[in-house]
Amino acid sequence: MNISMLLDMAAEGFGDRVVIGRTDHGLTAGRLRELAVGGAQLVRAGKADAIVYLAVNGPALPVALFAAARAGVPLVPVNYRLGEAQLDALLANHPRALGIADPEHGDALRRAGLLVRSPAEWLAQAARHPVGEDPGPTDSPAVLIYTSGTTSAPKGVVLRHHNLVSYVLGTVEFAGADPDEAALVSVPPYHIAAVSNVLTNLYAGRRALTLEQFTPDGWLGLIREQRITNAMVVPTMLARIIDTDGLDRSVPSLRALAYGGARMPVRVIESALREWPHVDFVNAYGLTETSSTITVLGPQEHRTAVASDDPVVRARLGSAGLPVPGVELEVRDVSGAVVAAGETGQIWVRGEQVSGEYAGQGSAVDELGFFHTRDQGHVDTDGYLHIEGRADDTIIRGAENIAPAEIEDVLLDHPDVLDAVVVGVPDEEWGQRIEAVVVLRDGVTVDADALRAQVRGTLRGSKTPDRITSWRELPRTPTGKLVRRDIVAALTVGRQG
């Protein structure tokens, strides 16, 4: 089950349909296959063992993905925002790769000794070789994606062809999209959502576009201009769209909006549901190691939760939903025993789409095939998964384990708090003390003691932050994940972000 099979099915089933880019000069499914075949010839001719992609998202990415697949080598999309030393360290792992890079990032590949092609050069050269060999082996790595490194050094996650194909076949109906459907993806190419969206939208027959540089008005304008029907954002993007004053938020063509990659403040999703009642919202929770989505909170569940007076049902608006077909989920305590519904523990998952494999380290799944996500949370009595944050983020104050997420949720309930983070800062007496940083609406001042009182009134006193400070913004990755180690470092030395 090489992922090239998905492209072959699309090319033979709706080869004349534009599936990548704008309607006037995009790539049809048939043309995408031709370019992938030509790209595979370039890989084989250069005896490359990988394609390193160091560029913004665009048509060159899906061509590189499928060319690598046909050549039997992995695609390695690399974060072009990394510092020089970190970037050089990652590229040193791929000395025989074929390199694709934007002009401003080409020097990094040249330092690594790689031949560099720009995305335009890559596409032009691939177009000259329309005939090639059959796809590569089905059990080989299809993609190697480095983790964001927000809590530790980046690791290379290996996703094999059967992982990705299993995810697509289990979640998407072939050619299920109407001919007029178009998807807008606003994540960088080195994120698993960029890869999974190439595969799922192609298999569905949905035209896919990318937004290189996100701004709220740019996103809204492209939705209207290209009559986008489906879109995917990270929570910080949706918050900026909803919270920015003076925007024309009309999106008459939009039918579905998926979000994920980080926790979504309930306030933001409630506002978005009111703003766009005609849009179907989907919360997708997943990891790079699981080939993307493993649980989904669907459109009707969003509407039911926001309209309900039942606190249990309403709480589901902040949940990650139910497992997708083919995925099993367990919540375990530190000894490995499965906990009861409602009890907090560590989240483990199993399924064909779950890789749990790291380059140079092998598989991290247990003897039963379950992978430890390193997220913690609980499952309610109806099976809905509630994420409570990374296990690494847990604050240990005295002998008590404290999840930052529940404190952050209370802070975000304040109408003038746009963003919030809670971290543990080293403390001689307690081991760690609780500190919070908030981002306030422009021109607003909120008393820190009032925020602390709000937390104390909702949670017990031991969970009240010892200090709350205000910053202009919080350090986040382009996909919305908080870089907590930078926040802890700044608070420890008393600096502001």
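The values are calculated or read from the model by the stated rules, or taken from the named source; none is laboratory data. Remember, predicted model here, so these are calculated numbers, not experimental data. For neighbour counting, all protein chains shown are included, and Cβ atoms are generated from backbone atoms with ideal geometry for every residue, glycine included.
In this structure, does A48 turn out to be of a type in the set (G, A, S) and not in a helix (DSSP H, G or I)?
Yes, satisfied.
Filter the stretch 448-474 for residues that are part of a loop (DSSP other than H, G, I, E, B) and at pLDDT 90 or above and give the result. Step through it out loud before you land on a result.
First, pick out the residues of the stretch 448-474 that are part of a loop (DSSP other than H, G, I, E, B): 459-460, 464-466, 471-474.
Of everything in the stretch 448-474, those that are part of a loop (DSSP other than H, G, I, E, B) and at pLDDT 90 or above turn out to be T464, P465, D466, W471, R472, E473, L474.
So which residues in the stretch 304-337 are closer than 15 Å to L273 by Cβ and either basic (K, R) or without any contact (Cβ under 8 Å) to a residue 60 or more places away in the chain (or both), if there are any at all?
Matches in the stretch 304-337: T304, A305, V306, A307, S308, V313, R314, R316, L317.
Looking only at residues in the stretch 43-60 that are of a type in the set (V, I, T) and closer than 17 Å to A127 by Cβ, which one is surrounded by the most Cβ atoms within 10 Å (Cβ to Cβ)?
For the stretch 43-60, the residue satisfying everything is I51.
Specify which of the listed residues (L412, L451, L418) is assigned by TED's automatic domain parsing to the domain that holds E473, under 29 Å from V296 (Cβ atoms) and surrounded by 21 or more Cβ atoms within 10 Å (Cβ to Cβ). Explain how you work it out, then say what you get.
On the way: L412 fails: surrounded by 21 or more Cβ atoms within 10 Å (Cβ to Cβ); L451 fails: under 29 Å from V296 (Cβ atoms).
Every option except L418 fails the conditions.
So which of I3, I51 ends up being within 15 Å of V143 (Cβ to Cβ) and in contact with a Pro (Cβ under 8 Å, 6 or more places away or on another chain)? Before you say what the answer is, go through the steps one by one.
On the way: I3 fails: in contact with a Pro (Cβ under 8 Å, 6 or more places away or on another chain).
Answer to the selection: I51.
Can we say V444 is within 30 Å of the chain's Cα centre (by Cα) and either outside the structural domain of R263 (by TED's automatic domain parsing) or at pLDDT 90 or above (or both)?
Here the answer is no, as V444 does not meet what is asked.
List pairs: first residue in the stretch 94-112 and farther than 14 Å from P74 by Cα, second residue in a loop (DSSP other than H, G, I, E, B) and not hydroxyl-bearing (S, T, Y) anywhere in the structure, Cβ distance under 7 angstrom, at least six positions apart or on different chains.
What qualifies is A101/A55; D102/A55; D102/V56; H105/A55; A112/A92; A112/P95.
Residues being modelled with pLDDT under 95 and either surrounded by 19 or more Cβ atoms within 10 Å (Cβ to Cβ) or of a type in the set (S, T, N, Q) (or both): count how many of those fall in the stretch 96-108.
Residues flagged as modelled with pLDDT under 95 and either surrounded by 19 or more Cβ atoms within 10 Å (Cβ to Cβ) or of a type in the set (S, T, N, Q) (or both) within the stretch 96-108 amount to 2.
Of all the residues that make up the stretch 18-42, how many are surrounded by 19 or more Cβ atoms within 10 Å (Cβ to Cβ) and of a type in the set (D, E, K, R)?
Here the count works out to 3.
If you go through the stretch 336-393 one residue at a time, how many are modelled with pLDDT of 95 or more, among the aliphatic types (A, V, I, L, M) and crowded, with 19+ Cβ neighbours inside 10 Å?
Selection size over the stretch 336-393: 5.
Given the conditions (1) buried (at least 20 other Cβ atoms within 10 Å of the Cβ); (2) at positive phi, report the number of the one that L482 does not fulfil.
Here L482 meets the rest and fails (2).
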